[in-house]
Amino acid sequence: MQDPLSKYSPAGKRMVLAGLVLLAAGCASSAPWQAPYDITPPHPAAPLVSSKGTTTALPVLRLTRVSAAHWLQTDAYQYHLLYQEPQRLLVYRDARWVGTPPQMIASRLQYQLIGSGQWRAVLAGQSNGMATWLLQVRLTDFVVNFSGPDAGKALVAGTATLVQAADHQVAAQHSFYFTETLPSASAQGGAVAMAGASEHFVTAVSGWAAQMAGIGKSVPQP
């Protein structure tokens with residue numbers, strides 16, 4: 001059988017073999033498939049129906065784009081091992097989020113605000129339409145913290161600011177901080193806990209915004 005490399009010079013053979021070695025190494029080091037995790041329940045509850053007789057008197061709210069620190073503008077599934085290196089931020093190799101944390105929180109918050117029945121309409125950041133209030137949210141934490149090999153908590157934290165659309169005067173601002181215990185020390189357990197902490201976060205922000213706008217009941221502050 002003819003040697004497939006016989007047509008190459010000795011130097012050419014070495015170059016071809018080196019290329020094959022690099023190709024094999026690249027295949028071996030390729031990133032593994034990553035399981036996508038979400039913070040939204042697969043079948044979220046139907047939006048609440050407003051108990052008010054008419055919605056014409058209710059104000060219109062615009063939810064601006066949820067912002068976040070640079071390290072949260074990724075779909076990487078990030079966590080801390082507080083019992084080993086608390087300052088080091090780690091990333092799962094075989095798990096990721098379906099979107100960036102601010103994108104996922106914005107989606108859940110929009111759904112929560114619409115379903116609250118406290119607003120005539122809830123507009124997205126770039127949609128047309130005049131709004132009475134602007135709600136600005138900045139996410140400051142979205143991470144799973146392991147306190148031990150078999151225990152940990154999901155953390156969601158951020159700041160909400162309610163602004164009058166007419167003159168851009170700040171009406172109120174509040175910080176929110178929620179944790180949820182992991183049911184298991186795994187990526188799946190972290191996702192379940194993160195979904196719970198996120199629900200507490202968006203529910204609290206929604207209730208607070210309505211209260212500050214003078215249309216909601218008093219809600220306990222976290």
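Classify the range 114-193 as rounded, prolate or oblate, taking a ≥ b ≥ c as the square roots of the eigenvalues of its Cα gyration tensor: rounded when a/c is under 1.5, otherwise prolate if a/b is larger than b/c and oblate if not.
Taking the square roots of the gyration eigenvalues as a ≥ b ≥ c, the range 114-193 is prolate.
Quick check: from the Cα gyration tensor, does the range 56-215 come out rounded (a/c under 1.5), prolate or oblate?
Numbers: a/c = 2.42, a/b = 2.30, b/c = 1.05.
Note, shape of the range 56-215 comes out prolate.
Take the Cβ-Cβ distance between Trp33 and Thr181 as r, set R0 to 35 Å, and report the resulting FRET efficiency rounded to the nearest 0.05.
0.75
With Cβ to Cβ distances under 14 Å as the rule, what net charge do the other residues near Phe176 carry (K, R +1; D, E -1)?
Details: positive: Arg108, Arg138; negative: Asp141, Glu180, Glu199.
Taking every Cβ under 14 Å from that of Phe176, the sum is -1.
By accessible area of protein heavy atoms, probe 1.4 Å, what ranking do Phe201, Phe178 get, highest first? Could you put the intermediate results ahead of the total?
Details: Phe201 0, Phe178 40 Å².
So the residues, ranked largest to smallest area, are Phe178, Phe201.
What is the extension gain from Asp94 to Gln126, computed as 0.36 nm multiplied by their sequence separation minus the C-alpha to C-alpha distance, in nm to one decimal? Each step should come with its number before you reach the end.
On the way: separation 32, 0.36 × 32 = 11.52 nm, distance 3.43 nm.
Full-extension gain reported as 8.1 nm.
Separation between the Asp75 and Asp167 pseudo-spin-labels, each 7 Å from Cα along Cα→Cβ, expressed in nm?
Placing both labels 7 Å beyond Cα along the Cβ direction yields 4.4 nm.
Sorted by average packing, counted as other Cβ atoms within 10 angstrom per residue and highest first, what order do 117-123, 71-77 take? Could the numbers behind the result be given before it?
Values: 117-123: 19.9, 71-77: 16.9.
With the highest mean Cβ count within 10 Å placed first, the list reads 117-123, 71-77.
Report the local net charge at Gly129: Lys and Arg +1, Asp and Glu -1, summed over other residues whose C-beta lies under 12 Å from its C-beta. It would help to have the intermediate numbers written out before the result.
On the way: positive: Arg62, Arg120; negative: none.
Within the 12 Å Cβ shell, the charges total +2.
For Ala172, what residues show an amide H to amide H distance below 5 Å, using hydrogens built from the backbone and excluding near sequence neighbours?
Counting only residues 5 or more places away or on other chains, the set is Leu162.
Considering only protein heavy atoms, what per residue accessible area in square angstrom results for the range 75-137 with a 1.4 angstrom probe?
Working: 3380 Å² over 63 residues.
Dividing the accessible area of the range 75-137 by its residue count gives 54 Å².
If each residue of separation counts as 0.36 nm, what is the full-extension length gain between Gln188 and Thr159 once their alpha-carbon separation is subtracted?
Working: separation 29, 0.36 × 29 = 10.44 nm, distance 2.69 nm.
Length gained, Gln188 through Thr159: 7.8 nm.
Note down the nm distance, to one decimal, between modelled labels 7 Å out along Cα→Cβ at Glu85 and at Val60.
Computed distance between label sites Glu85 and Val60 equals 5.1 nm.
Add +1 for every Lys or Arg and -1 for every Asp or Glu among the other residues with Cβ under 13 Å from the Cβ of Leu63, and state the total. The partial results should precede the final answer.
On the way: positive: Arg62, Arg65, Arg108, Arg138; negative: none.
My count for the surroundings of Leu63 gives +4.
The values are calculated or read from the model by the stated rules, or taken from the named source; none is laboratory data. From a predicted model like this one, the values you see are computed outputs, not experimental measurements. Heads up, the Cβs are rebuilt from the backbone with ideal geometry, glycines too, and the neighbour counts pull from every protein chain shown. Heads up: the accessible areas ignore ligands, DNA and RNA and are worked out on the full protein's heavy atoms, side chains in. Shrake-Rupley method; radii C 1.70, N 1.55, O 1.52, S 1.80 Å.
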